[in-house]
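Colleague: Below: one structure in structure tokens.
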Amino acid sequence: MTDAMRSRAVFALAARASACAPEWVVWHGHTLDRKSDLRIVERGGRQHLLRDGRDLGAHGGIGVDSLTVTGDHIAYPARDGLAWRVYVDGIAEPGSWESVGVLALDERGERAYAVERGGRWLVVARGRTHGPYDGVSEVGFDARGRAIWMAVAKAGPVTNVIVDGVSSAPWREVRDVRFSPVFRYVATSDKGESYVREGEVSAPFETIVESTDDGFIAKTKGRRVVFEGGTQVGEGEAHLLAAASGHFAFARLGPGGERLVRDGAEDAATWQSVDSVSISADGRHVGWVGRRNGDAVVVVDGHEEGSYAWARAPVFAERADAFAYVASMGGGAIVRGSQARGAFDVIIEDSLVISPDGAHWAAIAGYASNRRLYVVADGRPCGSFDLDEWLAERVRLHRQDDGERSRQLARAELARCYAPRP
């Protein structure tokens with residue numbers, strides 16, 4: 001055997017060994033529209049990010065907990081040696097860091113992220129570096145495309161809410177942060193808790209009991225007060241506020257039980273308790289579940305739709321007078337509504353969604369016969385529900401509650417199921 005032949009043989013053996021090297025999936029998921037498959041696989045001591053099988057790059061490690069997918073873009077931190085860098089769609093951002101924290105993308109691919117260097121934290125937003133800070137607890141983009149982050153200073157300690165580089169007054173604590181569809185949060189000062197919506201700060205209260213995109217319930221001087229659009233609209237033992245488009249509804253305890261209050265008018269029916277309340281996006285329709293003699297009664301605009309062992313307030317279509325809700329007679333679960341019918345052995349009750357035009361609905365449900373879960377559309381399986389992927393996604397989306405994630409998944413599968421065929 002010549003030296004050239006020997007070299008080719010050694011190369012072939014090495015290639016074969018590399019091809020047979022063990023490979024395992026570290027994490028797998030999808031883009032939000034469910035159209036692209038995403039995987040992090042480890043082979044030969046390196047981690048590779050694959051999008052629909054295409055390798056975006058190999059690294060010593062990839063930070064799954066900060067991996068972010070928005071629209072058609074994907075961003076993630078990756079380590080090579082001791083340094084971390086941020087990659088967007090496989091292309092490295094400038095700078096290397098000791099560690100990378102929270103990372104955000106908007107639909108256009110703009111990015112903002114927290115990074116650590118020398119024990120201090122910085123925020124990189126649209127290519128500009130801000131800080132340093134003692135910590136950064138949240139980073140995100142609001143519906144207007146503004147980059148927002150919460151910077152923590154140990155002196156105090158205090159938290160500043162920073163919008164496109166402009167800082168708020170310092171707060172002792174910030175919680176219940178929502179970036180979209182409106183930017184809002186609850187902030188604590190020495191005077192109490194305030195509800196902050198799009199920069200407008202409410203008066204301080206003992207505590208903010210509930211907060212929504214359009215209002216809040218606060219406790220002051222031992223009583224509860226209800227606010228919608230910056231105006232006090234009720235008081236008493238109120239809870240379950242739902243508000244939209246200048247309309248509101250909540251449950252209030254009074255003599256004999258609880259009643260539903262809608263736009264200031266109290267409904268005539270009294271319930272042992274009100275379990276859940278919902279409102280349509282235009283505020284024209286209100287639904288709730290009231291308890292009577294142990295039964296859960298679903299009510300839409302004052303009309304009783306049915307009595308069950310348990311039920312959830314209906315979801316409403318955005319552009320149509322249609323609704324759907326999840327309930328149970330005691331065994332299994334059903335979906336009912338103006339145009340919805342379905343029966344299942346099990347259902348993730350927070351997953352129910354309805355299309356904007358009200359023509360279709362979807363949820364995550366399953367059957368005992370095959371012990372499997374599916375995303376069902378109009379009662380028929382549309383796509384398999386991968387529990388392993390769901391659990392893996394909890395790592396990446398740990399700041400998002402399970403109900404929001406399940407509805408996001410159901411909406412994506414519903415859109416995919418009824419998408420026009422090419």
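Every number here is computed from the coordinates shown, using simple stated rules; none is lab data. The shown structure was predicted, so the numbers you read here are calculated from the model rather than taken from an experiment. No Cβ is skipped: glycine too gets one built from the backbone with ideal geometry, and neighbour counts run over all protein chains shown.
Colleague: Pull up all non-local amide H partners of Val102: gap of 5 or more, or a different chain, and H-to-H distance under 5 Å with H placed in the peptide plane.
Modeller: Amide H to amide H, under 5 Å and 5 or more residues apart or across chains, Val102 pairs with Ala114.
Colleague: Before anything else, pin down the relative contact order of the chain: Cα pairs under 8 Å, at least 6 apart, normalised by residue count, whole percent.
Modeller: 6 percent
Colleague: If you don't mind, there's one more thing I want to ask. Please compute the length gained on full extension between Val25 and Ala343, using 0.36 nm multiplied by the number of residues separating them and subtracting their Cα-Cα distance.
Modeller: Gain in length upon complete extension: 111.0 nm.
Colleague: Turning to a different aspect of this structure: Would you kindly calculate the mean projected area, averaged across all directions, of the convex hull enclosing the Cα atoms of the chain, in square nanometres?
Modeller: In nm², the orientation-averaged hull projection of the chain is 27.0.
Colleague: At R0 = 41 Å, how high is the FRET efficiency between Ala169 and Ser99 if r is their beta carbon distance? Nearest 0.05 is fine.
Modeller: 0.90
Colleague: Compute the Kirkwood hydrodynamic radius of region 297-348, taking the inverse of the mean of 1/r over all pairs of distinct Cα atoms, and give it in Å to one decimal.
Modeller: Answer for region 297-348: a Kirkwood hydrodynamic radius of 11.3 Å.
Colleague: Per residue, what volume in Å³ does the Cα convex hull of region 283-393 take up?
Modeller: 110 Å³
Colleague: Amide H neighbours of Ala322 under 5 Å, at least 5 residues apart or on other chains, H built in the peptide plane: list them.
Modeller: Under 5 Å from the amide H of Ala322 lie the amide H atoms of Ala317, each far enough along the sequence or on another chain.
Colleague: What would the Debye equation give as log₁₀ I(q)/I(0) for region 170-328 at q = 0.13, 0.16, 0.18 Å⁻¹, counting only Cα atoms as equal point scatterers?
Modeller: Summing over Cα pairs of region 170-328 leads to -0.63, -0.90, -1.08.
Colleague: Can you pull the semi-axes for region 249-331, root of five times each eigenvalue of the Cα gyration tensor, sorted largest first, whole Å? Can you show the working numbers first?
Modeller: On the way: eigenvalues 76, 62, 13 Å².
Largest first, region 249-331 gives 19, 18, 8 Å.
Colleague: What translational D, rounded to a whole number of µm²/s, comes out for region 20-155 from Stokes-Einstein when the hydrodynamic radius is the Kirkwood one over Cα pairs, at 25 °C and 0.890 mPa s? Can you show the working numbers first?
Modeller: Details: Rh = 15.5 Å.
Answer, rounded: 158 µm²/s.
Colleague: Under a no-solvent Debye model with one identical scatterer per Cα of region 94-156, what's log10 I(q)/I(0) at q = 0.12, 0.30 Å⁻¹?
Modeller: -0.27, -1.36
Colleague: Output ³J(HN,Hα) for region 114-123: one whole-Hz value per residue in order, computed from phi by the Karplus curve 6.51 cos²θ - 1.76 cosθ + 1.60 with θ = phi - 60°, and x for Gly and Pro.
Modeller: Couplings: 9, 9, 10, 8, x, x, 10, 10, 10, 10 Hz.
Colleague: With axes computed from alpha carbons, what is the tilt in degrees of helix 402-417 against the longest principal axis of the chain, rounded to the nearest 10 within 0 to 90?
Modeller: Around 80 degrees separate the two axes.
Colleague: Also, I was wondering about something else. Counting only other residues whose beta carbon sits under 15 Å from that of Arg54, what net charge do I get with K and R as +1, D and E as -1? Walk me through the numbers on the way to the answer.
Modeller: Numbers: positive: Lys35, Arg39, Arg51; negative: Asp37, Asp52, Asp55, Asp72, Asp89.
Here the count lands on -2.
Colleague: If you don't mind, another one. Suppose a student asked you for the relative contact order of region 248-371, using Cα pairs under 8 Å spaced at least 6 residues apart; what percent would you report?
Modeller: Worked out over region 248-371, it gives 14 percent.
Colleague: Still on this structure: Before anything else, pin down the relative contact order of region 60-187: Cα pairs under 8 Å, at least 6 apart, normalised by residue count, whole percent.
Modeller: That works out to 13 percent.
Colleague: Kirkwood Rh, Cα Rg: Rg to Rh for region 340-382?
Modeller: Working: Rg = 10.1 Å, Rh = 10.5 Å.
When Rh is taken as the Kirkwood radius, the ratio is 0.97.
Colleague: Under the 0.36 nm per residue contour assumption, what length would be gained going from the current alpha-carbon distance of Leu32 and Arg46 to full extension?
Modeller: 2.4 nm
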